[in-house]
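What follows is a set of notes on a single structure, which appears directly below.
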There are 2 protein chains.
Amino acid sequence: MGKEHHHHKPRTAEEYKQFIKNAGLSFTKPRLAILEILVRDHGPFSADEIFKKLPEKMCDLATVFRTLKQFKEKNLINPVKFDEDFTRYEFNDPHHHHHHIICTQCQKMQTIEDCFLEQFEKKLQKMGFREISHSLEFQGVCPRCANA
Amino acid sequence: MGKEHHHHKPRTAEEYKQFIKNAGLSFTKPRLAILEILVRDHGPFSADEIFKKLPEKMCDLATVFRTLKQFKEKNLINPVKFDEDFTRYEFNDPHHHHHHIICTQCQKMQTIEDCFLEQFEKKLQKMGFREISHSLEFQGVCPRCANA
DNA sequence: GAGATAATTGCAAGTGACTTGCAATTACTT
DNA sequence: AAGTAATTGCAAGTCACTTGCAATTATCTC
């Protein structure tokens, strides 16, 4: 996605902690819990979905929004926007760049592994653009819905 | 964008009228005025931007939202989502398919004419997906901002 | 490690984009 | 031209997301 990624996906408890601190954020329980969900369950999730996955009393929904905002600013996660009235976020794994297709009927989402857009970003870079990233999302009726 | 387009861009007053009626919508002054803005000024515009471009007292902002919703349902316009908290819409011109790059500093937008994604949609079609469309948007710092 | 300082959090209230109920107006049908 | 159906204006409502502030928790400094 164009931007620099000096991190790899955290695995151990200690790595999660360092991951958050390396990003320049202080380490708190809510941030750990939210990051774990994004890393382990990797679908693009809305703030609300993440909130519901958190253990009871972990934190307020406002904290989820604040945390997502900071994670995004630190480039740990990417916003994914479908034709919905909320924003989804996904862990920014440089080793697993991909896109999505969402079914306009059943809303089920699948990932598309192919990405042929890096070359295109290089073109833009030659044109003088910097810190380029892109988002590419497909919509359509999935095979199962099409046959029903 | 994958979906069927049986229309071409309207030019004359009569064509605008027929264009709206062909879509199965009744012809009203607000709808004409909104469509004209989308066709003639072609940038992706928010409801608010369109509202401000309308002549005084043309209609309520609520009507702009309602109209955009219907235009979208009739596939006359496409939503374009950047990392903003509102939705932009753009006239769906089958003869001028393109994408955008928006500068994360000055917000200026440029169009990208290239589109190599039709082949990709064909792949998805072979997989059984129907009525496929896509959205591809780039973000980055534009040359002018990069040098400042 | 204790205390000072700075950042984060919970809660409740606030925004802002977008929607909706309803009565009045306008478009379409015949 | 009258009757029916769709659209509109207005105001109130919804929903995702934000924010002010006081209390808590993390980090820094000694």
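Using the count of nearby Cβ atoms within 10 Å as a rough guide to exposure, how do A:VAL80, A:VAL141, A:VAL64 rank from fewest to most? Before the final figure, lay out the partial values.
Details: A:VAL80 21, A:VAL141 18, A:VAL64 24.
By the 10 Å Cβ count, ascending, the order reads A:VAL141, A:VAL80, A:VAL64.
Taking each of A:LYS17/A:LYS53; A:LYS74/B:LYS123; B:LYS53/B:LYS108; A:LYS52/B:LYS126; A:LYS53/B:LYS81 in turn, the alpha-carbon distance tops 30 angstrom for A:LYS74/B:LYS123; A:LYS52/B:LYS126. Note on chain B: GNM, Cα springs under 10 Å; of B:LEU117, B:LEU68, B:LEU32, the largest mean-square fluctuation is that of B:LEU117.
Phi angles across region B:76-83 convert, under the Karplus curve 6.51 cos²θ - 1.76 cosθ + 1.60 with θ = phi - 60°, into 3J(HN,Hα) values of 7, 9, 10, x, 10, 10, 9, 7 Hz, Gly and Pro given as x. Counted by Cβ distance under 12 Å from B:CYS142, the other residues give a net charge of +2, where Lys and Arg count +1 and Asp and Glu count -1.
Could you give the alpha-carbon Rg of the protein assembly as shown over 2.2 N^0.38 Å, rounded to two decimals? Show your work: numbers first, answer last.
Values: Rg = 21.1 Å, N = 296, 2.2 N^0.38 = 19.1 Å.
After normalising by residue count via 2.2 N^0.38 Å, the value is 1.10.
Quote to one decimal, in nm, the extra length available between B:LYS69 and B:GLN119 on full extension: 0.36 nm per residue of separation minus the C-alpha distance between them.
Details: separation 50, 0.36 × 50 = 18.00 nm, distance 2.91 nm.
Using 0.36 nm per residue and subtracting the Cα-Cα distance, I get 15.1 nm.
Each 10 Å bin, from zero up to the one with the longest distance, holds this percent of the alpha carbon pairs of region B:97-148: 23, 37, 24, 13, 3. Taking amide hydrogens as placed 1.01 Å from N in the peptide plane, the amide H of B:ILE112 sits under 5 Å from those of B:HIS99, B:HIS100, B:ILE101, each at least 5 positions away in sequence or on another chain. Where Lys and Arg each count +1 and Asp and Glu each count -1, what net charge lies around A:SER46 among other residues with Cβ under 13 Å from its Cβ? Around A:SER46, the surrounding residues sum to -2. Sites listed here are GluC sites (Glu not before Pro) in region A:25-70 whose DSSP assignment is loop and whose Cβ has at most 11 other Cβ atoms within 10 Å: A:GLU56. Summarising the amide proton neighbourhood of B:SER46: residues at separation of 5 or more, or on other chains, whose placed amide H is nearer than 5 Å comprise B:TYR89.
Filter the chymotrypsin sites (Phe, Trp or Tyr not before Pro) in region A:1-108 to those in DSSP coil with at most 11 other Cβ atoms within 10 Å of their Cβ, and list the result. Walk me through the numbers before you get to the answer.
Values: sites: A:TYR16, A:PHE19, A:PHE27, A:PHE45, A:PHE51, A:PHE65, A:PHE71, A:PHE82, A:PHE86, A:TYR89, A:PHE91; in loops: A:PHE27, A:PHE82, A:PHE86.
Here the sparse-neighbourhood loop sites are A:PHE86.
Highest mobility in the GNM of chain B, judged by mean-square fluctuation with C-alpha springs under 10 Å and restricted to B:GLU121, B:GLU15, B:GLU131, is found for B:GLU131. Looking only at region B:49-88, which residues have a backbone nitrogen under 14 Å from a spot 7 Å from the Cα of B:ARG144 in the C-beta direction? Counting backbone N atoms under 14 Å from the label point, the list is empty. Only residues of region A:19-55 count here: report those whose backbone N is under 19 Å from the spot 7 Å along Cα→Cβ of A:LYS108, or say none. Residues A:42-45 qualify, since their backbone N sits under 19 Å from the label point. Calculated on the Cα set of chain A, radius of gyration then Dmax: 16.7, 50 Å.
For chain A, which longest stretch is free of loop sites, where a loop site is one of the trypsin sites (Lys or Arg not before Pro) that DSSP puts outside H, G, I, E and B and that has at most 11 other Cβ atoms within 10 Å? Don't skip to the answer; put the middle values down first.
On the way: sites that count: A:ARG11, A:LYS57, A:LYS108.
The reported range is A:58-107.
For chain A, modelled as a GNM whose springs connect Cα atoms under 10 angstrom apart, the maximal fluctuation among A:THR63, A:THR104, A:THR87 occurs at A:THR104.
Read-outs throughout are calculated quantities, based only on the coordinates presented, and are distinct from any laboratory measurement. Quick caveat: nothing in here was measured; it's all calculated off a predicted structure. Because the Cβ atoms are built from the backbone with ideal geometry, glycine has one as well, and the counts that use them run over all protein chains shown.
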